[in-house]
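Read the structure below first, then the notes.
The values are calculated or read from the model by the stated rules, or taken from the named source; none is laboratory data. It should be emphasised that the depicted structure is a prediction, and the values quoted were computed from it without experimental measurement. Cβ placement follows ideal geometry from the backbone for every residue including glycine, while neighbour counts extend to all protein chains displayed. These area figures cover heavy atoms from the full protein model, side chains too; ligands, DNA and RNA do not enter into them. Shrake-Rupley method; radii C 1.70, N 1.55, O 1.52, S 1.80 Å.
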Amino acid sequence: MTPQEKLYSWFLLNQRDLTFRKKKQAYSIWISEVMLQQTRVAAMLPLYESFIKKFPTVETLASSSEEEVLSAWKGLGYYSRARNIRKGAIFLSQNYNGSFPKDLGKVLEVPGIGPYTARAVLSIAYDLPFAVLDGNVKRVLSRLFLYEKNILGSNADKELQILADEFLNLKYPGDHNQAMMELGATICLPENPKCLLCPLQQDCIALSKNRTDQVPIRTKEKKKLEMTAKILWMEAGDEVLLVKEKSPRFLKGMFVLPFYFEGELPSEEYETSPFISKLSLLPDLRPYGKTFSHTITHHKFKFFVIGNSFNKQKLNDEISSWKKDIEWKWVKKEKLEEEFPSSLAKKTLNAILK
Ligand code: SF4
C-alpha cells in the first residue's frame, strides 16, 4: 500500500463524526472551515448548527443584515470573519447565482477567502486536486519528509505547499486533506506524537531518524534592530567624497558615502572608525536634506545626512595628514550610483535633492 492509501484507510476507520463534513456542500464546508480557523471543533459545533439553520444557503446569508450575521456569530469571536463571509456570500450571489465556482483563481477572488479555505472547499466539496496547508498539515509534512527548515520562514509555505501537492491522493483529494488535518489534530501532536498509532509510521523520516521532537522547527524571524546613523555628504564642486574602510560592519569591499552609527550600539563592531570619526568632526558640517530609512540585513536605520561644500585641495591635505587606515576618492556626483552601487546612494541623493 502507498502511504496515501494507508492514510486513506486509516481515515475511513478513524475519522471523527463531524457533521459539517458529511454533506459535501461547498457552502457548509466554507462556513465550517472559516469557523474552525480560530475556534476549536467542540466549541464551534453547536454554533455551526444554529448558524446553518438560520442561514441555510448562500442567498439567505447574502440577503441578511450585518447585525443578523454578527448576532448568529456570537460566541465564536473574531467578528471580522462573520463580516467577511457575509461579503463573500453577497459576491457569490451576485456573480455565481449563489454557487461556488470550481476554479481556484476564481474562488480566491471571493472576499475573505484565502488559499487555505479555497483549497479546502474545492477539494472537500468537489474532490478537486488541491492540497491544503494548515498548521496540522505543516506539522505532519515536516515530520513525514523531515523538512528541517524553519516553518515560519519566508519560503516555508511555498516549499511545504509543493510537498503537500506531491503527497496529495489524487483519487480522493478531499478525504486526503481531511485525513492529513485529522492526523495532525489527533495523532501527530505537537508534543509526544502517537507514532505507534500512526498509519504513516513506516514512511515517516523523522520517526526513522528518531527526530520527531526536533521538527517542525518554528523560529520567529529575527526582529530588525532599529538604529540611527549619519551619512556624510562632502562635496567639492561637482564631486563627492567616497571612502573604503578595511573591514566595515556593512557594505564590505565597496567605496561608500562615509556613514557612522549613533546612540546605543549593540556591539563594538558598530563603533565608528577613527578616520570617519575625524571626518564627522570637521567644522561646519550641517544637516543636509531630509532623513530617510534604510534596511540592511536585520537592521533598520534612520539616516540623517550631514555635510557641506569643501575646498577639495584643502580637505585632501587635511585627510592625508591622518593615519591612513582607509582609502578615499572623489567621484562625479552624476556617477555616484555607479561608483557606490547601493540603494543607499540613491536614497541619499533623493534626500538631498528634496
Ligand atoms: S510517525 Fe509519528 S511523527 Fe511521523 S507522521 Fe506519524 S505521528 Fe507524526
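Couple of notes before you dig in:
- Selection status of Pro283, out of contact with any Pro (no Cβ under 6 Å at 6 or more places or on another chain), free of Cβ contacts under 8 Å to residues at least 24 places away in the same chain and closer than 23 Å to Lys346 by Cβ: no
- Glu269 being open to solvent by 20 Å² or more (accessible area, probe 1.4 Å) and part of a helix (DSSP H, G or I): yes
- If the condition is being part of a helix (DSSP H, G or I), away from the ligand (no atom under 16 Å from the Cβ) and open to solvent by less than 30 Å² (accessible area, probe 1.4 Å), then segment 105-144 contributes Val107, Thr117, Ala118, Ala120, Val121, Leu122, Ser123, Ile124, Ala125.
- Residues located in segment 180-198, provided they are of a type outside the set (A, V, I, L, M, F, W, C) and either open to solvent by less than 10 Å² (accessible area, probe 1.4 Å) or more than 8 Å from the ligand (Cβ to nearest atom) (or both): Glu182, Gly184, Thr186, Pro190, Glu191, Asn192
- Hey, Ala229 open to solvent by 30 Å² or more (accessible area, probe 1.4 Å), among the small types (Gly, Ala, Ser) and more than 10 Å from the ligand (Cβ to nearest atom) or not: no
- Segment 189-213 residues that are in contact (Cβ under 8 Å) with a residue 60 or more places away in the chain and assigned to a loop (DSSP other than H, G, I, E, B), paired with ones that are near the ligand (Cβ under 6 Å from one of its atoms) and among the polar types (S, T, N, Q) (beta carbon under 9 Å, 6 or more apart): Cys204/Thr212
- Which listed residue, of Gln214, Gln201, Gln161, is away from the ligand (no atom under 15 Å from the Cβ) and of a type outside the set (D, E, K, R): Gln161
- Listed by position, the helices (runs of 4 or more DSSP H) contained in segment 39-100 that have at least 3 residues being open to solvent by less than 80 Å² (accessible area, probe 1.4 Å) and within 17 Å of Phe20 (Cα to Cα) are 41-54.
- Odd one out for Ile151, checked against (1) within 16 Å of the ligand (Cβ to nearest atom); (2) modelled with pLDDT of 95 or more: (2)
- Taking segment 273-354 as the region of interest, the strands (runs of 3 or more DSSP E) fully inside it that hold 2 or more residues being of a type in the set (A, V, I, L, M, F, W, C) and open to solvent by 30 Å² or more (accessible area, probe 1.4 Å) are 326-332.
- Some residue of segment 153-164 being within 23 Å of Lys194 (Cα to Cα) and touching an Asp or Glu at 6+ places or on another chain (Cβ under 8 Å): no
- Of the numbered criteria (1) within 26 Å of the chain's Cα centre (by Cα); (2) exposed (fewer than 13 other Cβ atoms within 10 Å of the Cβ); (3) in a helix (DSSP H, G or I), the one Asn177 fails is (2).
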